[in-house]
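One structure is given here, and the rest of the page talks about it.
The values are calculated or read from the model by the stated rules, or taken from the named source; none is laboratory data. All values reported here derive from a predicted model rather than from experimental measurement. A quick note on method: Cβ atoms are made from the backbone with ideal geometry, for glycine too, and the neighbour counts reach across all protein chains shown.
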Amino acid sequence: MKTELVFTPSAAVSSELLAVFAVDNNTSKEKDAKPELTLLISEEAVKKAAAFVLSTGEFKAEANETLLLHSPEGLKAARLLVIGLGKAGKATPHDLRKAAGTAVRFAKPRGIRSLAIAAPATSFDAKLALRAITEGAIVADFDSDTYRTDRKDRSIQSLTILAPESFDKTGAENGHREGAIIAESQNFARTLINEPGNRMTPTILGSKAAEMAKEVGIQCEVYGADKLHELKMGAFWSVSQGSEEPPALIVMTYEPEGAPAGPVIGLVGKGITFDTGGISIKPADGMEKMKYDMAGGAAMIGAMRAIAQLKPKVKVISIVCAAENMPSGKAQKPGDIQIAMSGKSIEIINTDAEGRLVLADGLHYARQLGATHLIDAATLTGAVAVALGQINAGVFANNEEAFQHFSKALEISGEKFWRLPVEDEYRDQIRSSIADIQNTGLTRYGGAITAAMFLKEFVEDTPWLHLDIAGMAWLDSDKSWIARGPSGIAVRSIVEWVRSYAE
Ligand code: BES
Ligand code: ZN
Ligand code: ZN
């Protein structure tokens, strides 16, 4: 999708579809209160074209509600689409992001290939508004039906965002530029996640990362099994040993000129390209979904793509631990003891708790490479989805300052993460009678926390955030603003978190 930002009056724009936003000014809480609608656009011609239908009361401007008019009088556009933003004064840039996405997903199945969206003239800061609209539109253009032979490419070819004359031009331009970089990087991650296990092996994931790195001008090394042995990554290797597919240790580095010596940010991603569970094999029902067990790794690759283009003045190292978790004559078994790169011994209780094993070595290696602040992202536990459902992803932090930076990042990204504890009282869960720790909890309770406690063993005192995105990385149904399939969650928040250390 090509996007452009113009400062042209909307009535004069000839387009297949012109989308404008509306709010309800009626603050009454009564159920049947008649909406008092306002179009968030200053031009009389547009207001006039929509006046009659808005006066009927059919359209209430509820969030993401749509109303379509053909051949609107006095406008050059072939169609006028009004999109609700809810009650006046309540709408945030995050609502605007979704509403812009709704416009795009409204247009796609109707054969519309180019559209214009009019940024709301009031209520929003120019940069935030442009960023939200651009992100929402690009994210909404993604669909996951890649391999259908009857697939019709319904992508939007061009989007024109119309900004009012009153907007701060530099702010709007920056918002548009940043939004496009970030949303395209989120979609890049989604494309990787969408690929099935036979088409996204650890080796392929490594080459996709290397290709991306070359394009955006950052360093990327992809290592195989030999490097894992050389580094004594016993935990990472134990997961990959059962597969015919070699593991890939992907190391990306972004080091801009003039970046200070510290902090150095370390991004670590779980890249299990397929998780059968290994010898502790998963039930067949729903196992096909385990192709998205590399979503944390893909989020890091996507984030590095955005970081390379946004150019914050901070050094960033990213490590993706890619492997396939398979049962075989060579696979690790429950009861096996593995020695992690840090020297810690691990008793394997369940070979399906493999994500924490690869991350243990990834986190340790990131520290060895000089990371002073760590973040990991992983589809780590089913338990996080039991705890938080499919609305919030989980975030764990061993450091308040790092968490504060993340909270601020969430305000910008609009992604939803809920903090869960990592406290020493939970450590009993991973005590082993034969080794330093075991890879699952003594009980089933608090499974997402147990996994976080396991990772904590490998970060020691380094400020660290752990994102458990298992419940949020795959959307089971379409929403008006985003397609079902890989969500690309965490890319936007990770990028903002990294940028917050460059300020
Ligand atoms: N990849 C899974 C977690 C997962 C579950 C991701 C559902 C996405 C959706 C992970 O490797 C796993 O199998 N975890 C186990 C841990 C258990 C054995 C302690 C789980 O959650 O059941
Ligand atoms: Zn597993
Ligand atoms: Zn897994």
**Report entry** Any hit, the stretch 326-337, residues being closer than 19 Å to GLY266 by Cβ and away from ligand 1 (no atom under 16 Å from the Cβ)
**Finding:** no
Query raised in the report: When VAL314 is evaluated against the numbered criteria (1) under 30 Å from GLU173 (Cα atoms); (2) crowded, with 23+ Cβ neighbours inside 10 Å, which criterion, by number, is the only one it fails?
Result: (2)
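Each row is one residue, and each column tells you yes or no for (1) under 24 Å from VAL239 (Cα atoms); (2) touching a residue at least 12 places away in the same chain (Cβ under 8 Å).
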{"residue": "ASP424", "(1), (2)": "no, no"}
{"residue": "ARG431", "(1), (2)": "yes, no"}
{"residue": "LYS456", "(1), (2)": "yes, yes"}
{"residue": "SER480", "(1), (2)": "no, yes"}
Query raised in the report: Which members of the stretch 341-386 meet the condition of being small (Gly, Ala, Ser) and out of contact with any strand residue (DSSP E or B) (no Cβ under 7 Å at 6 or more places or on another chain)?
Result: SER342, GLY343, ALA353, ALA360, GLY382, ALA383, ALA385
Report task. Those residues that are under 26 Å from MET287 (Cβ atoms) and either without any contact (Cβ under 8 Å) to a residue 60 or more places away in the chain or among the aliphatic types (A, V, I, L, M) (or both), I need them from the stretch 166-190; list them, please. Result -> ALA189
Requested in this report: Collect the residues in the stretch 222-280 that are among the acidic types (Asp, Glu) and surrounded by 22 or more Cβ atoms within 10 Å (Cβ to Cβ), keeping them in residue-number order.
Outcome: ASP275
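Would you pick out the residues in the stretch 280-319 that are in contact with an Asp or Glu (Cβ under 6 Å, 6 or more places away or on another chain) and either closer than 30 Å to GLU503 by Cβ or away from ligand 3 (no atom under 16 Å from the Cβ) (or both)? Walk me through how you get there before you give the answer.
If we filter the stretch 280-319 for residues that are in contact with an Asp or Glu (Cβ under 6 Å, 6 or more places away or on another chain), which is where we start, we get 280, 290, 293, 315.
Across the stretch 280-319, the qualifying residue is only LYS315.
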Report task. With the condition kept exactly as written, say whether any residue in the stretch 66-86 is farther than 30 Å from ASP153 by Cα and within 34 Å of the chain's Cα centre (by Cα). Result -> yes
Report task. Report, ordered by the first and then the second residue, all pairs with beta carbons closer than 9 Å, sequence separation of six or more or different chains, a first member in the stretch 331-355 that is at positive phi, and a second member that is more than 16 Å from ligand 3 (Cβ to nearest atom) and not hydroxyl-bearing (Ser, Thr, Tyr). Result -> GLY335/GLU347; GLY335/ILE434; GLY343/LYS232; GLY343/ASP436
Report summary line: Scanning the stretch 310-325 for residues that are in a loop (DSSP other than H, G, I, E, B) and either within 25 Å of ALA295 (Cβ to Cβ) or within 16 Å of ligand 1 (Cβ to nearest atom) (or both) gives PRO312, VAL314
**Report entry** Any chance PRO109 is of a type outside the set (Val, Ile, Thr), farther than 26 Å from ALA299 by Cα, in contact (Cβ under 8 Å) with a residue 40 or more places away in the chain and not in a loop (DSSP other than H, G, I, E, B)
**Finding:** yes
Query raised in the report: Is it the case that the stretch 42-57 has a residue that's in contact with a Phe, Trp or Tyr (Cβ under 9 Å, 6 or more places away or on another chain), in the same structural domain as ILE161 (by TED's automatic domain parsing) and under 27 Å from GLU178 (Cβ atoms)?
Result: no
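Go through the stretch 407-447 residue by residue and tally those that are part of a helix (DSSP H, G or I) and surrounded by fewer than 23 Cβ atoms within 10 Å (Cβ to Cβ).
So the first thing to find is which residues in the stretch 407-447 are part of a helix (DSSP H, G or I), and the list is 407-413, 424-430, 447.
Filter once more, keeping what is surrounded by fewer than 23 Cβ atoms within 10 Å (Cβ to Cβ): 407-412, 424-429, 447.
Final tally of qualifying residues: 13.
When residues of the stretch 257-309 are filtered for being β-branched (Val, Ile, Thr), away from ligand 2 (no atom under 12 Å from the Cβ) and in a strand (DSSP E or B), how many remain?
Pass one, the stretch 257-309, residues β-branched (Val, Ile, Thr): 264-265, 268, 272-273, 276, 279, 281, 301, 307.
Still in the list and also away from ligand 2 (no atom under 12 Å from the Cβ): 264-265, 268, 273, 301, 307.
If we keep only those that are in a strand (DSSP E or B) as well, we get 264-265, 268, 273.
Adding up the residues that qualify gives 4.
Please return the ranges of helices (runs of 4 or more DSSP H) entirely within the stretch 132-239 where 3 or more residues are over 22 Å from GLY269 (Cβ atoms).
On the way: elements: 169-194, 202-216, 225-230.
So the answer is 169-194.
For the stretch 370-394, which positions are more than 10 Å from ligand 1 (Cβ to nearest atom) and crowded, with 19+ Cβ neighbours inside 10 Å? Spell out how you get there, then give the answer.
The initial filter retains those residues of the stretch 370-394 that are more than 10 Å from ligand 1 (Cβ to nearest atom), namely 370-377, 387-394.
Within the stretch 370-394, ALA371, HIS373, LEU374, ILE375, ASP376, ALA377, LEU388, ALA393, GLY394 qualify.
Which residues, taken from the stretch 480-503, are in a loop (DSSP other than H, G, I, E, B) and under 16 Å from the mean Cα position of the chain (by Cα)? Explain how you work it out, then say what you get.
At the first step, the residues of the stretch 480-503 found to be in a loop (DSSP other than H, G, I, E, B) are 480-484, 487-490, 501-503.
TRP481, ILE482, ALA483, ARG484, SER487, GLY488, ILE489, ALA490, listed by residue number.
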Query raised in the report: Which of the residues belonging to the stretch 375-412 are in contact with a Leu (Cβ under 6 Å, 6 or more places away or on another chain) and away from ligand 3 (no atom under 16 Å from the Cβ)?
Result: ILE375, VAL395, PHE396, ALA397, ALA402, PHE406
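Results for (1) closer than 25 Å to ASP476 by Cβ; (2) within 16 Å of ligand 2 (Cβ to nearest atom), shown as yes or no for each residue.
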{"residue": "THR351", "(1), (2)": "no, yes"}
{"residue": "GLY355", "(1), (2)": "yes, yes"}
{"residue": "GLN368", "(1), (2)": "no, no"}
{"residue": "HIS373", "(1), (2)": "no, no"}
{"residue": "VAL384", "(1), (2)": "yes, yes"}
{"residue": "GLN390", "(1), (2)": "yes, no"}
**Report entry** Where a residue in the stretch 271-297 is touching a residue at least 12 places away in the same chain (Cβ under 8 Å) and its partner, wherever it lies, is more than 10 Å from ligand 1 (Cβ to nearest atom) and basic (Lys, Arg), with Cβ under 7 Å and at least six apart
**Finding:** PHE274/LYS291; ILE279/LYS333
